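Derivation of every value follows stated rules applied to the coordinates shown; laboratory data play no part. Keep in mind it's a predicted model, so treat the numbers as computed, not measured. Here Cβ is always computed from backbone atoms with ideal geometry, including for glycine, and neighbour counts include all displayed protein chains.
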Amino acid sequence: MTADEIRGHIDPIRDQFAEGRSLILPALKFAQTEKGYLDGADLEAVGEAVGLTTAYVESVATFYDRLYLQPTGRRVISVCINLSCMLRGCDELLSHLTGRLGLPSDGGSTDDGAFTVQQAQCLGYCDRAPCLQVDVGETQGPMSLDDADALIEALRAAPTPDRLWR
Amino acid sequence: MPQRHIVYLHREHPGDMAQLPEYVKAGGYNGLMKALADMEPDDVLYQLHRSGVRGRGGAGFPMGRKASFLPKDSPRPAYVVCNADESEPGTFKDREIMEFNPFQLLEGIVLAGYAIGSNHGYIYIRGEYEHQARVLDRAIAQAYEGGYLGSGLLRSRFDFDITLYRGAGAYICGEETGLLDSLEGKRGQPRLKPPFPAVAGLYASPTLINNVETLTTVPVIVAKGADWYATLGTEKSTGTKVFSVSGHVMKPGNYEIVMGDTSLRELLYDICGGFRPGHDFKACWIGGSSVPVLTAEHVDTRLDYESCETAGTYLGSAGCIVMDDSGCIVRSSLRLAHFYRHESCGKCTPCREGTMWMEKVLQRIVDGEGRMEDLELLESIMGRISGRVLCALADGAVAPIESALRLFRDDFVHAVEHGSPAREPMAPMGA
């Protein structure tokens, strides 16, 4: 994504912050929506738009789980693996999903670029455990294995979103 | 004991409280109107102080005292920051408050701003709560349109703006100084304190930072009065509290109860429907995962700050994770150790290295490769972490595991001898 496109996103909110550096997370999150992850050129463009070095931008980007510096699938499925979900069978849910998609048991991305499955820490839907989140959509649960199968079919049939919010 | 939806959840209200007209119809913004018409900022501060309300994010620090630490003569602007980074395992109360009662939170932030002489508030919401962030976006827009935010709000001379800021996935950004660094565009690592945020918080300015639930309390305290509020609960635990209950109970969910009114037993068996047939209570982490575990011996503990401390734990965020006798305490401890290792920000060596070793040792015990001396090794590692770090994450990592090792020693010994490979089955139960 170009620095100008990023500026178009952050300029309207610039005056809400006493220091421009606060715009780095909104900028990174927006820059990521183009490909679903950030490459070196994106980090450079964010730095240019916010007024920071690329090295600094990268140091911030590597801190957060939901900023990706490696390619992801078109849809990212985050399966909560924390304690409340573990007690309700999330390990079985995760291994079912990864098994069905032919991925390593702890997650990964499919060869066709359709899906990334990853482990997530507590998503805050423990009352609906085991739960999972697709991209930044509302977290879903409790998920049965049949629900997981139906979800994969529905996502395969759905068009790729215009912007890949993660 | 009944639940009492009188401060936060308002489930009995027939309308959609996430719409401004419904919120106003339900008595919303009475507190702000009263404050702007009849109260000086110090009067509001006094009411918060007098109410005894304690921080609902986990630390339980009295809100009025925290607000009173802000210097009155600072040349820099003061800020209100709402911590909506709810990430403590087992905690999902702020999610429901923001989704179904967002205006009460916004009103609370404005009132807090009025009390401390601030004109700008920030809500830092975890990136995973995009659904709730969109609810707040709409609520903030409606509040501006209705004159409940902006310059000269409610035709007064008071100006107040709220900015919603989305995080990007990091537990440590729920630690207040980690949150402030993240909001300032840095890696979200905790700061050395002092200075505390009250003196040098956001952009080195005086900052009042409170949890969603805490700030949502403020309109009720101002509208109905601190004296009314303080009649609820106990002397040291005033008001109601939302308990997020999850794990092996039949009816997990958020339950608002008057503090001190209810015991853990009543919460688990009467309110949450108890356990599956053939199973019973084994353990619970009552204040989120970062607190010492409780056993069946503690099931009559009253649900308030001081009773939890007497039982050897903390009320924390009241994210109550419950395990029945089908669960394995060693595997549960490993799962928590994995979490803290993953979320340690890396700034302090004892935490970064210690949480890694805790996970490694627990992993080999679960895998059946443990040695009896691993139990002492675990204790030794944990003893080298606590008190040697900048923030509470490491203490949170040690508390549940140190207590489990002490209270369920036989389970750990058994795991060293036999491992604990069995995976928890899918456990569909309850609503």
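Rule-of-thumb check for the range B:1-85: C-alpha Rg over 2.2 N^0.38 Å?
1.34
Which cross-chain or sequence-distant (5 or more) residues have an amide H under 5 Å from the amide H of B:ILE209, H modelled 1.01 Å from N in plane?
Result for B:ILE209 returns B:VAL81.
Find the relative contact order for chain B and round it to a whole percent, using C-alpha pairs within less than 8 Å whose residues are 6+ positions apart.
So the answer I get is 17 percent.
How much length is gained on full extension from B:ARG384 to B:ALA296, taking 0.36 nm per residue of separation minus their Cα-Cα distance?
Taking 0.36 nm per residue and subtracting the Cα distance, the gain is 28.7 nm.
Kindly provide the helix-only [θ] at 222 nm of chain B, computed as the sum of -39,500 (n - 2.57) over DSSP H runs of four or more divided by all residues, to the nearest 500 deg cm²/dmol?
Rounded to the nearest 500, it is -12000 deg cm²/dmol.
Between B:MET33 and B:GLU12, what is the label-to-label distance in nm when each label sits 7 Å out along the Cα-to-Cβ direction?
Label at B:MET33, label at B:GLU12, 2.2 nm between them.
How long are the semi-axes of the equivalent ellipsoid of the protein assembly as shown, taking √(5λ) for every eigenvalue λ of the Cα gyration tensor, in whole Å from largest down?
Whole-Å semi-axes of the equivalent ellipsoid: 35, 31, 23.
Exposure proxy check: B:LEU9, B:LEU154, A:LEU94, B:LEU106 ranked by fewest other beta carbons within 10 Å?
Lowest to highest Cβ neighbour count: B:LEU154, B:LEU9, A:LEU94, B:LEU106.
With everything on Cα atoms, drop me the angle between helix B:349-366 and the longest principal axis of chain B, reported from 0 to 90° to the nearest 10.
The angle comes out near 40 degrees.
Report, by chain and number, residues whose modeled amide H sits under 5 Å from the one on A:PHE115, excluding near sequence neighbours (fewer than 5 apart, same chain).
A:ARG74, A:ARG75, A:THR110
Which percent of Cα pairs goes in each bin when the distances of the range A:75-157 are cut into 10 angstrom slices starting at zero?
20, 59, 20, 1
Divide, for chain B, the radius of gyration over alpha carbons by 2.2 N^0.38 Å, where N is the residue count.
It is 0.99.
Return the long-range amide H neighbours of B:ARG54 (sequence gap of 5 or more, or a different chain), with a cut-off of under 5 Å between placed amide H atoms.
Sorted by chain and number, the residues that satisfy this are B:MET63, B:THR238.
Can you list, bin by bin at 5 Å, the percent of alpha carbon pairs in the range A:3-63, starting at 0?
Pairs per bin, as whole percents: 4, 22, 36, 24, 12, 2, 0.
Any idea how far the Cα center of the range B:218-261 sits from the one of the range B:306-336, in Å?
Comparing the Cα centres of the range B:218-261 and the range B:306-336, I get a distance of 20 Å.
Can you tell me the dipole magnitude for the range A:3-63 around its Cα centre, using point charges on the Cβ only (Lys, Arg +1; Asp, Glu -1), in Debye to the nearest 20?
Here the size comes out at about 200 debye.
Under a Cβ-Cβ cut-off of 9 Å, what is the net charge of the residues other than B:LYS282 that fall near it, where Lys and Arg count +1 and Asp and Glu count -1?
In short, -3.
Just to check I understand the Karplus step: with θ = phi - 60° and J = 6.51 cos²θ - 1.76 cosθ + 1.60, what whole-Hz values come out for the range B:141-147, glycine and proline as x?
Once rounded to whole Hz, the list reads 4, 5, 5, 5, 4, x, x.
Pull up the DSSP beta bridges for the protein assembly as shown and report the antiparallel fraction as a percent, rounded to 5.
The answer is about 45 percent antiparallel.
With θ set to phi - 60° and the Karplus curve 6.51 cos²θ - 1.76 cosθ + 1.60, what are the ³J(HN,Hα) couplings of the range B:91-103 in order, to the nearest whole Hz, using x for Gly and Pro?
Per-residue couplings from phi come out as 10, 8, 6, 5, 4, 5, 4, 5, 6, 10, 9, x, 5 Hz.
Once you charge only the Cβ atoms, +1 for Lys and Arg and -1 for Asp and Glu, what is the size of the charge dipole of the protein assembly as shown about its Cα centre, to the nearest 20 debye?
The dipole magnitude comes to about 860 debye.
Using r as the Cβ-Cβ distance of B:GLN19 and B:GLU373, and R0 as 51 Å, what FRET efficiency do you calculate, to the nearest 0.05?
Plugging the Cβ-Cβ distance into 1/(1 + (r/R0)^6) gives 0.25.
Once each part is reduced to its C-alpha centroid, what is the distance from the range B:47-95 to the range B:359-431 in angstrom?
32
Counting only DSSP beta bridges with both residues in the range A:75-157, what percent are antiparallel, rounded to the nearest 5?
Within the range A:75-157, antiparallel bridges account for around 50 percent of the total.
Treating only the Cβ atoms of Lys and Arg (+1) and Asp and Glu (-1) as charged, compute the dipole magnitude of the range A:56-166 about its Cα centre; round to the nearest 20 debye.
200
Once you list every other residue whose beta carbon is under 11 Å from the beta carbon of A:PRO71, what net charge do they have if Lys and Arg are +1 and Asp and Glu are -1?
Here the count lands on +1.
Most fluctuating residue of B:LEU215, B:LEU362, B:LEU377 in a GNM of chain B with Cα springs under 10 Å: which is it?
B:LEU377
Looking at chain A, what % of the alpha carbon pairs are farther apart than 19 Å?
It works out to 58 percent of all Cα pairs.
Pop a pseudo-label 7 angstrom from the Cα along the beta-carbon direction at both B:MET250 and B:TYR46 and give the gap in nm to one decimal.
So the label points at B:MET250 and B:TYR46 sit 5.1 nm apart.
Between A:ASP4 and B:ARG265, what FRET efficiency follows from the Cβ-Cβ distance if R0 is 56 Å, with the result rounded to 0.05?
Result of the calculation: an efficiency of 0.35.
Give the angle, between 0 and 90 degrees and rounded to the nearest 10, that separates the Cα long axis of helix B:41-51 from the longest principal axis of the Cα atoms of chain B.
For B:41-51 against chain B, the angle is about 40 degrees.
Which of the listed residues, A:CYS80, A:ALA148, A:SER95, is farthest toward the dipole's positive end in the range A:75-157, when Lys, Arg count +1 and Asp, Glu count -1 at the beta-carbon?
Going by the Cα projections, it comes out as A:CYS80.
Gap in Å between the Cα centre of the range A:52-93 and the Cα centre of the range A:101-166?
The range A:101-166 and the range A:52-93 have Cα centres separated by 12 Å.
Taking Cα pairs under 8 Å and at least six residues apart, what relative contact order does chain A come out at, in percent?
22
Determine ³J(HN,Hα), in whole Hz, for all residues of the range B:383-391 in sequence, where each value follows from phi through the Karplus function 6.51 cos²θ - 1.76 cosθ + 1.60 and θ = phi - 60°; x replaces Gly and Pro.
Result, ordered by residue: x, 8, 9, 4, x, 10, 9, 7, 10 Hz.
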